[in-house]
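Heads up: the structure comes next, in structure tokens.
Bear in mind these aren't lab numbers, they're just calculated from the coordinates by the rules spelled out. Everything quoted here is computed from the prediction, not taken from an experiment. Here Cβ is always computed from backbone atoms with ideal geometry, including for glycine, and neighbour counts include all displayed protein chains.
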Amino acid sequence: MGKKVPKELIRRASTPPMQHDFDHVLTLIDAARTRAVAAVNTTLIDLYWSIGEHITNKIANDGWGQGTVIALAEYIQRRQPNARGFSAQNLWRMRQFFEVYRDKPKLSPLVRELSWTHNLLILSRSKREEEREFYLRVCVRERWSKRELQRQLDSALFERVVLSPVKLSAPLTELHPDAATVFQDSYLVEFLNLSKDHAEADLHRGLVERLKDFLIESWGSWSFILRPWTAT
């Protein structure tokens, strides 16, 4: 005969489980799926980076041109007909992707945290290095979806927040009439190492040149002050 089950275990087993106990298991499953997707995405971005690097080197050393890349795309299609994302156009994008970020050690880790679609949107829509860095950092921090990133790009968030003068909310202006002066003269001037008699153009130039990391790190604390963050 088998061993007798202890009474305390019988009592525990007969206790109805709480919903949060089941929900915890669902949370574990969702977390594992998220990690798996992130790992696959990182691998895919690394692959595209490596392909872009290979094409760049071949162009520089062996004289590859557009025709060769088209031939490469056709070769991949013949040998691996089920492979997707390796059209000649996308191969050229991989080359551009590598060349844009190859000498940017601060940014290359960020691109691996975003999907290829996110990266292509930022790459194609950003006009300058500072703008790319801005969208990469904020997109990673805020976990923007493709649709939200597209919306922020369409609304020119970078220009409104970084290049435009700061607009303070009405309640803050009423409570602190000199808030704008304090914000510009005390904080930004010190951060950007501007002279006390700086011009507004100097302020904007300093913002573009430095692209303050603090602006991005302080996203949450600024959201209730700066109107552009809450654009609809």
Checklist entry - If you count, for each residue, the other Cβ atoms within 10 Å and average over each peptide, how do 42-50, 81-89 line up from highest to lowest? => result 42-50, 81-89
Item to check | Cβ-based net charge around Thr34, under 15 Å, with every Lys or Arg adding one and every Asp or Glu removing one | outcome: +1
Checklist outcome for this item: So for R0 = 41 Å, FRET eff. of Lys104-Met18 from the Cβ-Cβ r, to 0.05, ends up at 0.25
Next on the checklist: Less than 12 Å Cβ to Cβ from Leu153, Lys/Arg counted +1 and Asp/Glu -1: what total charge do the surrounding residues give?
Outcome noted: +3
Item to check | Protection proxy ranking, peptides 106-118, 141-153, average beta carbon neighbours within 10 Å, highest first | outcome: 106-118, 141-153
Next on the checklist: Quick check: the distance between the Cα centres of region 120-166 and region 86-118, to the nearest angstrom?
Outcome noted: 16 Å
Item to check | For peptides 55-67, 29-41, sequence by mean Cβ density within 10 Å, most packed first | outcome: 55-67, 29-41
